[in-house]
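Just below is one structure, and these are the notes that go with it.
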């Protein structure tokens, strides 16, 4: 792929191998569209992972992080602050819509040709012209304008259509976000999301805290996949520092990440049952989740926020006396799985609610750059643990779970099977734990540089970009969470189905809005 | 009659959970309260869907700008007597996110709070403990026996403060009812 | 004169209003305990011994809450519909023989089966009106679903209720119950298919899982109850609970032999009430068990299940009963 780009574009682009993925390609003046077109034509599994916007002084950098079936590259472009205009790539790849909106909202870049510009993560009472991620904006100097009279709920022109607002306070959703669903009778015709209710400005806050403090800050992006966020940040920083952590630390990290995956999947499986009114199975799933929380507490000292990851390794060692307890708990969980599988296979009401609901075709999953169980439930086999193994995953024996039907039932089954695979991984790691140190002492200041790190969080591919300028505070931290990539798929699958299916469909993509909004 | 009223209110607190911009940690610990290991239904606590049905508002999250107005609206929709519990370090004061540009920081900057439960996230046992303390504080305080010698003045216990707040609300509603 | 006081006593205390109210609260507690135990939990424990006073605490607490009427609501219907619905349901219960005779008149009158089913329909309709009058989008959608569901399921309900009437040869509930007692054959043995269908239809009428759609929190917030607070909410909840008692009482009368059973010693009314309550609790336990074990179906699945499966089954059941009663049972019974 990189050779193809070199030969097509020659001197018009600069290629830097080994940076920000397999290569960083600098392409200005709208050339990024042509590069992307070439890549899309060459490999149909090309998709966009993230678009990072960063304030580089007089210019704003817009980096497109692209994944293909075998390489990960970054296309770097620049726009000036006086005239921050660039061309959109939404017509080439639908999955880029949300990413461009976010860069526009937070940095003020105008993407010409974007179908629906507007506030994305910032609130309606945000003053015009102030872009939070620009360096000259200070948090305590922002004056909010009064909220416009109504949030301008546009009523559909066709009077027969009804617009139902779901959220921000809604018993189905643990988190606040708003979906305006337009229905014709009982069939959904359009879904308009409004996110940003959980936007806490974490990326900006990271720039005014030290690297060690940022580990704790990044962890708190999401309580459910907290270890993954911490690991993403720590992994990127270690790449800038060009250090290799000891093997025991890698294994301990894998154990922490897989425990995280276990508790998250059990949580989702239970929550999905709650959505379809199946309270009994919800209670059973969460009852079986409690021993995993006990394990997380055993290994790290806290039930939810394990805070095990640190720059240079892990914070705590695993005692040999704890290992038998880990193994017995996992055995008990493994013994319970056939009961749940049997419910999913045989329970008629559950199958009526979940089968053929929210079908996402494989082509749509590829076009929208879906990740995680959402993609794997539709036959699109992306899993960062297999595609680009990180930490100690290259040595772990596990299967990548792929189902092809693409409906809610398939996605939940992907998660259930992944529970079993996670148990396998943890047991292997615990049995083969290498000896040695579990942590390296690293300097507080990080030399100038930038790096990316990708990992497979329970919901899908999590992407971190960290840029440092030689001080003890990062220059820019960019996070692209899996739910951010998966929401467009919900907007697609909900159309044409009954509104009564919306909760079940929505929960099957395992949305985590605190991840999305950051 | 007051005793029966208070008894009924203490034995049957219905809660509404609102996430005002939280990371989900506190929320999953609240949902864990309903599950077999902690089973908060023992205390008569039911998770209600509508603000109109609830007595206690459990708020998590550091209150983002977008959520501040909604939080106020939900609080006003609840019928008296009502109590607000701020769960988690973020709800108490903004937590790690204090000072960020989109964060108001702390629930008590938007609505009055009756009880604070710190933690990041607080364990389900801690949330239960806080809720039970809130309920017990609703009971009128038992008269204390006069001490024989003069003792150093006692630091006001948190239960007393909560009880006073609760009494205040009860009296306020008596005013409203008149 | 004594008869008059006796009547007042029967209406207000036993087996009338007070008794029915206590029975309702007890069944609410029992349902919550069964649900909790099946879900591996414990259920209410703190209010009274074993949590038995929990429904009473809920009721009293709701009565002491502030009463809010939204500005846009249709005030008269909003204020009175819950109370009137509750009254009608209790009134319908008064026709069911509990201690050997019903509350109001000793043996009812011919056709009272149809009358009380009609009362139940009217009460449901009032609940729909209550939700509609609250002028809240969730309330409107919720009450529309209530209407669609109970109107649809009323038809098979009436048809299946006719089965025991047909076997007993009378539309009078007291006669149906007495028939089972004199012939020592509860209709559950004579027409078990009707019993099963009746339980399923009753599950849908009472809006319990798997036909729980009007209450589905995940879509409709509070459903038709969303805007109600305080005393009105208390009566809405109480109406729901009384509906459960009503449905179960119907099952007991029509299929399980009513209050009749062996009288061992002493007053017959004591034993009749005891048998009635015991059979009622068994039926409530069965319906609660079904509720806990199934997920919630979508509204279109509920409605298509009604028209495509339940209604033809009800018609077939009636035809089968007619055939059996006319030709088979006279040879056997």
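The values are calculated or read from the model by the stated rules, or taken from the named source; none is laboratory data. These numbers come from a predicted model, not from an experiment. Every residue, glycine as well, gets a Cβ built from its backbone with ideal geometry; the counts of neighbours run over all protein chains shown.
What to note about this one:
- The single condition from (1) in contact (Cβ under 8 Å) with a residue 60 or more places away in the chain; (2) in a helix (DSSP H, G or I); (3) in contact with a helix residue (DSSP H, G or I) (Cβ under 9 Å, 6 or more places away or on another chain) that residue C:295 fails is (2).
- Test: residue C:114 is part of a helix (DSSP H, G or I) and under 20 Å from residue C:316 (Cα atoms): no
- With respect to the conditions (1) modelled with pLDDT under 85; (2) in a helix (DSSP H, G or I); (3) within 26 Å of residue C:208 (Cα to Cα), residue C:9 falls short on a single one, namely (3).
- Some residue of segment A:474-495 being assigned to a helix (DSSP H, G or I), more than 23 Å from residue A:383 (Cβ to Cβ) and within 14 Å of chain C (Cβ to nearest Cβ): no
- Restricting attention to segment A:175-223, the residues that are within 10 Å of chain B (Cβ to nearest Cβ) and in a loop (DSSP other than H, G, I, E, B) total 16.
- Entry remark, segment A:484-505: residues being within 23 Å of residue C:141 (Cα to Cα), buried (at least 24 other Cβ atoms within 10 Å of the Cβ) and touching a strand residue (DSSP E or B) at 6+ places or on another chain (Cβ under 8 Å) number 1 in total.
- Residues being in contact with a strand residue (DSSP E or B) (Cβ under 7 Å, 6 or more places away or on another chain) and either modelled with pLDDT of 90 or more or not in a loop (DSSP other than H, G, I, E, B) (or both) - total across segment A:382-408: 2
- Residue within segment A:283-302 that is under 30 Å from residue C:214 (Cβ atoms), part of a helix (DSSP H, G or I), in contact with a helix residue (DSSP H, G or I) (Cβ under 6 Å, 6 or more places away or on another chain) and within 11 Å of another protein chain (Cβ to nearest Cβ) present: yes
- Residue match in segment B:54-61 (condition: out of contact with any strand residue (DSSP E or B) (no Cβ under 6 Å at 6 or more places or on another chain), closer than 29 Å to residue A:121 by Cβ and either touching a residue at least 24 places away in the same chain (Cβ under 8 Å) or at the interface with chain A (Cβ under 7 Å from one of its Cβ atoms) (or both)): no
- Test: residue in segment C:243-259 that is without any contact (Cβ under 8 Å) to a residue 40 or more places away in the chain, more than 30 Å from residue C:313 (Cα to Cα), in a helix (DSSP H, G or I) and touching a helix residue (DSSP H, G or I) at 6+ places or on another chain (Cβ under 8 Å): no
- Residues in segment C:45-67 that are surrounded by fewer than 20 Cβ atoms within 10 Å (Cβ to Cβ), part of a helix (DSSP H, G or I) and at the interface with chain B (Cβ under 7 Å from one of its Cβ atoms): C:60 alone.
- Qualifying residue in segment C:302-312 (condition: farther than 20 Å from residue C:184 by Cα, surrounded by 21 or more Cβ atoms within 10 Å (Cβ to Cβ), in contact with a strand residue (DSSP E or B) (Cβ under 7 Å, 6 or more places away or on another chain) and within 14 Å of chain A (Cβ to nearest Cβ)): no
- Selection status of residue A:66, touching a strand residue (DSSP E or B) at 6+ places or on another chain (Cβ under 6 Å), at pLDDT 80 or above and buried (at least 16 other Cβ atoms within 10 Å of the Cβ): yes
- Test: residue in segment A:431-446 that is within 20 Å of the chain's Cα centre (by Cα) and at pLDDT 85 or above: no
- When residue C:42 is tested against (1) at pLDDT below 85; (2) assigned to a loop (DSSP other than H, G, I, E, B); (3) more than 29 Å from residue C:101 (Cα to Cα), just one condition goes unmet, and that condition is (1).
- Here is the figure for segment A:351-366: residues that are within 22 Å of residue A:188 (Cα to Cα) and in a helix (DSSP H, G or I) total 8.
- Enumeration of residues in segment A:333-350 that are in contact with a helix residue (DSSP H, G or I) (Cβ under 7 Å, 6 or more places away or on another chain) and free of Cβ contacts under 8 Å to residues at least 60 places away in the same chain: A:336
- Condition met for residue A:105 (in contact (Cβ under 8 Å) with a residue 40 or more places away in the chain, crowded, with 17+ Cβ neighbours inside 10 Å and outside the structural domain of residue A:464 (by TED's automatic domain parsing)): no
- One residue stands out in segment B:62-81 among those that are under 27 Å from residue C:71 (Cα atoms) and in contact with a strand residue (DSSP E or B) (Cβ under 7 Å, 6 or more places away or on another chain): the one that is farthest from the other protein chains (Cβ to nearest Cβ), namely B:75.
- Restricted to helices (runs of 4 or more DSSP H) entirely inside segment B:1-93, those with at least 1 residues that are closer than 28 Å to residue A:199 by Cα are B:25-32, B:65-77, B:89-93.
- Test: residue in segment A:224-242 that is in a loop (DSSP other than H, G, I, E, B), surrounded by fewer than 24 Cβ atoms within 10 Å (Cβ to Cβ) and more than 14 Å from chain C (Cβ to nearest Cβ): yes
- So residue B:26, is it more than 24 Å from residue A:274 (Cβ to Cβ), crowded, with 23+ Cβ neighbours inside 10 Å and modelled with pLDDT of 85 or more: no
- Filtering segment B:24-36 for residues that are touching a residue at least 12 places away in the same chain (Cβ under 8 Å), facing another protein chain (nearest Cβ under 7 Å) and within 24 Å of residue C:131 (Cα to Cα) leaves an empty set.
- Test result for residue A:411, assigned by TED's automatic domain parsing to the domain that holds residue A:338, within 18 Å of the chain's Cα centre (by Cα), surrounded by fewer than 23 Cβ atoms within 10 Å (Cβ to Cβ) and modelled with pLDDT of 85 or more: no
- Qualifying residue in segment B:124-131 (condition: touching a helix residue (DSSP H, G or I) at 6+ places or on another chain (Cβ under 7 Å), within 14 Å of residue B:59 (Cα to Cα) and surrounded by 24 or more Cβ atoms within 10 Å (Cβ to Cβ)): yes
- Residues in segment C:195-208 that are surrounded by 24 or more Cβ atoms within 10 Å (Cβ to Cβ) and more than 18 Å from residue C:242 (Cβ to Cβ) were compared, and the one that is farthest from the other protein chains (Cβ to nearest Cβ) is C:198.
- Unique residue being in a helix (DSSP H, G or I) and more than 14 Å from chain C (Cβ to nearest Cβ) when the list is A:257, A:274: A:257
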